[in-house]
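Input: a single structure, listed below in structure tokens.
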Amino acid sequence: MSLIFSADKCTLCGACVDACPFGVLSLEGERLSIGEGCTLCGACVEVCEAEALALPEAEGPSPRPGVPLGGIWVFAEQRQGRLAPVALELLGEARRLAAELSVPVAAVLLGDRVAHLAPELFRAGADKVYLAEHPALAEFVEGPYAAALTEIAARFGPEILLAGATYVGRAFIPQVAAGLRTGLTADCTAFALDPERRLLLQTRPAFGGNIMATIITPRTYPQMATARPGVFKRLADPCPGEGEVVRVELGSLTAAGPCTFVGTVEEIRERLPLAEAEVIVAGGRGLKEAKHFRMLEDLAELLGGAVGATRAAVDAGWIPYAHQIGQTGKTVAPKLYIAVGISGAIQHLAGIQSSDFIVAINKDPEAPIFKVADIGLVGDLFEIVPALIAAIRRERE
Ligand SMILES: Cc1cc2nc3c(=O)[nH]c(=O)nc-3n(C[C@H](O)[C@H](O)[C@H](O)COP(=O)(O)OP(=O)(O)OC[C@H]3O[C@@H](n4cnc5c(N)ncnc54)[C@H](O)[C@@H]3O)c2cc1C
């Protein structure tokens with residue numbers, strides 16, 4: 001597909017040339033030249049007052065006859081026999097989408113001796129589990145995992161395939177998309193459907209988070225996307241823990257790949273991981289110095305939670321990057337999020353939007369964080385936080 005240009009309408013004003021973010025348009029004498037690299041972003045169409053430029057009509061959903069009948073699939077990421085929380089979150093989202101399309105939900109479980117995880121996947125929303133057990137899948141190695149998921153998807157034909165944008169998902173899902181010759185949208189924060197054309201509308205931040213882009217995969221299947229952990233909610237009411245387990249014998253794992261699993265190095269984690277914490281106490285530039293994070297650690301410890309931070313606090317060197325929450329940090333979904341000395345910039349809010357209850361402490365009553373807070377405490381954090389800690393300790397005693 002390429003940009004549609006009507007030479008007879010063009011006034012050679014040059015507005016499109018200036019508007020093109022990729023520099024592929026130029027005026028050559030009396031005519032507009034469209035070079036290689038046009039992404040059909042539409043910036044030129046918007047500024048063309050003479051209506052000499054137009055985008056081609058999106059084609060139908062698939063050049064293949066019929067929609068694949070496999071329904072909506074979720075890659076059930078597991079490590080050492082434990083399912084990644086994002087797999088259960090995505091099954092909740094898949095159930096919601098499946099209800100609109102009237103299709104089943106399936107989970108794909110790869111590993112060695114992992115069949116015991118199937119009931120958990122059924123409870124999280126799967127109707128069916130495609131199970132491939134093989135010694136080559138015991139530990140995550142990109143090649144075998146990509147080969148296995150590609151083979152299963154090619155054989156059973158999902159209409160939509162979702163996976164977590166975790167280290168594992170980011171490492172091998174692009175290979176699966178390439179193997180299936182389909183598109184992939186990474187790091188989605190929302191999904192919706194165009195039920196008429198059966199298109200998955202895949203929304204993700206773009207251009208540094210300044211716009212939200214909605215991307216479709218109109219011509220190929222499966223429609224593939226990854227989503228960050230913590231963005232979607234698990235089902236509030238678990239399903240019955242029963243369903244169909246389809247054991248898949250793989251033909252693609254016979255040849256040894258170029259990579260071999262050597263060993264796992266455990267990350268040293270002193271505290272509760274942010275993604276799993278039910279309570280997070282996060283600090284921002286308002287804390288003024290690194291040593292004041294000690295106060296937040298005390299409060300987090302009393303509440304059984306973890307400590308988070310804004311990018312401003314991380315950039316100041318007060319706390320390691322692992323604690324950063326937001327668009328370029330972690331996405332979290334705690335039951336309670338306490339924001340201390342945080343203004344509430346959009347990039348920070350992007351990481352906390354799934355929190356159940358937000359308490360904000362800020363001395364500026366106009367701070368944007370108060371717009372998303374369930375409780376706002378306007379005042380000096382150096383008075384409020386110690387008072388809170390003292391009150392909780394008194395209560396405990
Ligand atoms: C591409 C891009 C990606 C980004 N990614 C992220 C990201 O992942 N995460 C992130 O957090 N930011 C991110 N940012 C940065 C973001 O735009 C903000 O700059 C940052 O979140 C601000 O951090 P802050 O709230 O700690 O600081 P500030 O905005 O400076 O806010 C400090 C707040 O503390 C309050 N305060 C000061 N003293 C006190 C006191 N004594 N008592 C009570 N309140 C007090 C002030 O009123 C103020 O509201 C990103 C920016 C860009 C451009």
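Only the coordinates and a few stated rules stand behind these numbers; no lab work does. A quick note: this is a predicted structure, and the numbers were derived from the prediction, not measured. When we count neighbours, we look across all protein chains shown, and the Cβ atoms used for this are built from the backbone with ideal geometry, even at glycine.
Candidate cross-link partners of Lys371 among the lysines, defined by an alpha-carbon separation under 16 Å and a same-chain spacing of 8 or more, comprise Lys363.
Normalised radius of gyration for segment 4-54, please: alpha carbon Rg relative to 2.2 N^0.38 Å, two decimal places.
Working: Rg = 9.6 Å, N = 51, 2.2 N^0.38 = 9.8 Å.
In units of the globular-protein estimate, segment 4-54 measures up at 0.98.
For segment 274-396, a/c is less than 1.5, where a ≥ b ≥ c are the root eigenvalues of the C-alpha gyration tensor. That puts it in the rounded class.
Each residue, Ser6 and Asp315, gets one label point 7 Å from its Cα in the Cβ direction; the gap between the two is 4.7 nm. Taking the fewest neighbouring Cβ atoms within 10 Å as the starting point, the ordered list for Met295, Met212 is Met212, Met295. The aspartates and glutamates whose alpha-carbon is closer than 12 Å to the alpha-carbon of Lys128, local same-chain residues fewer than 8 away aside, are Glu120, Glu242, Glu244. With the simple spin-label model, which puts each label point 7 Å out from Cα in the Cβ direction, the Gln353 to Asn210 separation comes to 1.9 nm.
By the Cβ distance rule (another cysteine Cβ under 4.7 Å), the unpaired cysteines of the chain are Cys10, Cys13, Cys20, Cys38, Cys41, Cys48, Cys188, Cys239, Cys259.
Using only DSSP helix segments of four residues or longer, with each worth -39500 (n - 2.57), what per-residue ellipticity at 222 nm results for the chain after dividing by its residue count and rounding to 500? Before the final figure, lay out each step's value.
Details: 11 runs with 102 residues, N = 397.
Taken over the chain, the calculation gives -7500 deg cm²/dmol.
The distance between label points at Lys363 and Arg393 comes to 2.3 nm (points 7 Å beyond Cα on the Cα→Cβ vector).
The per residue volume of the convex hull around the alpha-carbon atoms of the chain is 196 Å³.
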